[in-house]
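Any read-out appearing in this document is the output of simple, stated calculations on the displayed coordinates, not a laboratory observation. Just so it is clear, the structure is predicted and the values come from calculations on it, not from any experiment. Reconstructed Cβ throughout: ideal geometry from the backbone, glycine too, with neighbour counts over all protein chains shown.
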Amino acid sequence: MYARAAAVNPTPEKPKPPEKWFAEDVQPHDSSLRAYLRGRFPTVRDVDDVVQESYLRIWKARARHPIDSAKAFLFSIARNLALDTIRRNRHSPIDGVTDLAALFVLDDKPDAASAAARQQEIEMLVDAIDALPARCREIFILRKLQGVSQKDIAARLGLSEQTVQVQAARGLRRIAEELRHRLGTP
């Protein structure tokens, strides 16, 4: 059998100071990293952010443990950040805007007073529907609010279509009278 001789380095290599390591092992790859990101991930809007975040993460990783291949590790970090950015943008309903002056913003939501008035009107309508006799209320809700046909209501409730029509009209008339009374209109 052959005995393997262990490679012994009598003078272990002293690690570079962080600033020198960054300047010599990381920063020279800046232009190729940017080109890689632009070519591989064209939908990433801000490559500069990805590059800066990659630098920050490799710097922090180097502070924890030595890095054998700075270039490979840097590109790996940048790739993962770019993929995260793409995933986040895919799920985000927010679109980036570069020119705020060109944005036309129209707020079509009602103001607080209009919303409160609308809520009050809805409450009056609900109260007016609740005030109807039970059978009339049931027919009115099915016909006018749920859009069920007269024929289906008649079959469901065991009534004639004529009765359904009369009850729906009676319910509508009573609700209109109640709302006119509450609003003080003739």
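Computed from backbone phi with θ = phi - 60° and the Karplus coefficients 6.51, -1.76 and 1.60, the 3J(HN,Hα) list for the stretch 157-173 is 9, x, 10, 7, 4, 4, 5, 4, 4, 5, 5, 5, 5, 4, x, 5, 5 Hz; x is used for glycine and proline. Shape of the stretch 18-92 from its Cα gyration tensor (a ≥ b ≥ c, root eigenvalues): rounded if a/c is under 1.5, otherwise prolate when a/b > b/c, or oblate? It comes out prolate by the Cα gyration axes. Karplus-based coupling profile of the stretch 70-80, in residue order and whole Hz: 4, 5, 4, 5, 4, 5, 5, 4, 4, 4, 5, with θ = phi - 60° in 6.51 cos²θ - 1.76 cosθ + 1.60 and x standing for Gly or Pro.
Roughly speaking, what is the stretch gain from Tyr36 to His91, that is 0.36 nm per residue apart minus the C-alpha to C-alpha distance, in nm to one decimal? Numbers along the way, then the final one.
Values: separation 55, 0.36 × 55 = 19.80 nm, distance 2.41 nm.
That works out to 17.4 nm of additional length.
Computed from phi, the 3J(HN,Hα) profile of the stretch 118-135 under the Karplus parametrisation 6.51, -1.76, 1.60 (θ = phi - 60°) reads 5, 4, 5, 5, 5, 4, 5, 5, 4, 4, 5, 5, 5, 6, 5, x, 3, 5 Hz, with x in place of Gly and Pro. The stretch 27-56 and the stretch 118-186 have Cα centres separated by 65 Å.
List Asp130, Asp25 from most exposed to least, where exposure is judged by having the fewest other Cβ atoms within 10 Å.
Ascending number of Cβ neighbours within 10 Å: Asp130, Asp25.
Only Cα pairs under 8 Å and at least 6 apart count here; give the relative contact order of the stretch 18-92 as a rounded whole percent.
Numbers: 43 pairs, mean separation 29.3, N = 75.
Relative contact order for the stretch 18-92 comes out at 39 percent.
Ranked by the mean number of other Cβ atoms within 10 Å of their residues, highest first, the peptides 110-116, 46-52 fall in the order 46-52, 110-116.
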